[in-house]
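Chemist: Here's a structure for you.
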Amino acid sequence: MTESHHTSTHAIRAQARHNGFHVPASRPRVDGAWRPGDPVGARRFAQIGDVRLERGDSLPDVTVAYETWGTLNTAGDNVVLIEHALTGDSHVDGDAGNGHASPGWWPGLVGPGRPIDTGSWFVVAANVLGGCQGTTGPSSLAPDGHEWGSRFPYVTIRDQVEVEARLLEHLGVSRLAAVVGGSMGGMRAIEWAATRPELVDRSIVLASTAYATADQIAWCQP
C-alpha cells in the first residue's frame, strides 16, 4: 500500500485511451463530489490496492481519503477511529476553506483539551468507501476512463470496515482504543466490535442500529 496526493484524472484518462477505450471529454460538474485536481485541503490519501467485496465483486486500486489529529504512539494503540454518517467525510474538525466546502461536521469533539484529547489520542477519520469525498466511489474513474456512476458495485458496511482496516494497517495502527460513530457510522462501529473484537477496546454507537429495517431498505431502492 502506498500514500500519494491521488492519481490525477488526466493520468487515468490517458491510460484508458492507451488501453484502447474511447474516453469522452470531461463534462461540467453537476454534483458535490471531490475529484482529483480539486484542492485537497487537509485530506491525505492512501492506495490500498484491489478490494474483494462481500457480494463477490472486486474494486481495483482503491483510494482512501482520510485525516488525522494527534500523534500515534510507538505501540500503535492510542487510536480513536471516528466514523461519519451517510453524507459525511473525513473533515471531522477544522475550518471551511480551500478543499472543504463546510467546516468540520463534529466541532468541539477533537483537539487539545476536548473530549477526544489529541494530547493523548491519535484520531483517524476516513471518507467511507463509496463516499465520493476522496475515497473511491461512483464519481471515481473506472479503468475504462469513465466515471463509475451507476456501474459502481454494491458495497456493504462490512466492505467499508474492511477498507478502514486496511487504512489503519497502512498507518501502523495495532489496536483501537475506541471506535466512535453515529447513524451509518454507528453501524460501522458495531461492525468493528462484532467482527474484529480483538482489535477494539470500546465501541461508542450513537443514534444507530445493528441492521436496516425493511422500510429503510425500501426507501433506498431506486
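The values are calculated or read from the model by the stated rules, or taken from the named source; none is laboratory data. Fair warning: this is a prediction, and the values are worked out from it, not measured in the lab. Glycine gets a Cβ as well: all are built from the backbone with ideal geometry, and neighbour counts include every protein chain shown. What goes into the accessible areas is simple: the full protein's heavy atoms, side chains included, and nothing from ligands, DNA or RNA. Shrake-Rupley method; radii C 1.70, N 1.55, O 1.52, S 1.80 Å.
Chemist: If I ignore ligands, DNA and RNA and count only protein heavy atoms, how much of Thr136 is accessible to a 1.4 Å probe, in Å² to the nearest 10?
Modeler: Spelled out: Thr136, probe radius 1.4 Å, area about 10 Å².
Chemist: For the chain, just the Cα set please: Rg and Dmax, both in angstrom.
Modeler: Here Rg and the maximum Cα pair distance are 17.5, 55 Å.
Chemist: On to the next question. If you build the Cα gyration tensor of region 95-222 and take the root of 5 times each eigenvalue, what three semi-axes come out, in whole angstrom, biggest first?
Modeler: Over the Cα atoms of region 95-222, the ellipsoid semi-axes are 26, 20, 16 Å.
Chemist: Tell me the relative contact order for the chain as a rounded percent, counting alpha carbon contacts under 8 Å between residues six or more apart.
Modeler: RCO, the chain: 21 percent.
Chemist: Ranked by accessible surface with a 1.4 Å probe, highest first, in what order do Ser150, Ser140 come?
Modeler: These residues rank, largest area first, as Ser150, Ser140.
Chemist: As a test of reading the structure, rank Thr156, Thr74 by solvent-accessible area (1.4 Å probe, protein chains only), most first.
Modeler: Thr74, Thr156
Chemist: List the residues whose amide H sits under 5 Å from the amide H of Leu206, counting only those 5 or more places along or on another chain, with H placed 1.01 Å from N in the peptide plane.
Modeler: Gly181, Gly182, Ser183, Gly186
Chemist: Which loop-located trypsin sites (Lys or Arg not before Pro) does region 147-222 contain, where loop means any DSSP state but H, G, I, E or B and the Cβ has at most 15 other Cβ atoms within 10 Å?
Modeler: Sparse-neighbourhood loop trypsin sites (Lys or Arg not before Pro): Arg175, Arg202.
Chemist: If you restrict to DSSP beta bridges whose two residues both lie in the chain, what percentage is antiparallel, to the nearest 5?
Modeler: The antiparallel fraction comes to roughly 45 percent.
Chemist: Using the 2.2 N^0.38 Å rule of thumb for compact globular proteins, work out how region 71-119 stacks up: its C-alpha Rg over that value, please.
Modeler: 1.28
Chemist: Still on this structure: Under the classification rounded if a/c is under 1.5, otherwise prolate if a/b is larger than b/c and oblate if not, where does region 153-200 fall, given a ≥ b ≥ c as square roots of the Cα gyration tensor eigenvalues?
Modeler: Here region 153-200 falls in the oblate category.
Chemist: Taking only Cα atoms, what is the 0 to 90° angle, nearest 10, from helix 9-18's long axis to the longest principal axis of the chain?
Modeler: The angle comes out near 40 degrees.
Chemist: P(r) for region 174-222: what percent of alpha-carbon pairs falls in each 10 Å bin, starting at zero?
Modeler: Taking all Cα pairs of region 174-222, the binned fractions are 28, 43, 20, 8 percent.
Chemist: Still on this structure: Please report, in whole Å, how far the alpha carbons of region 48-102 spread along each principal axis, starting with the longest.
Modeler: 38, 35, 19
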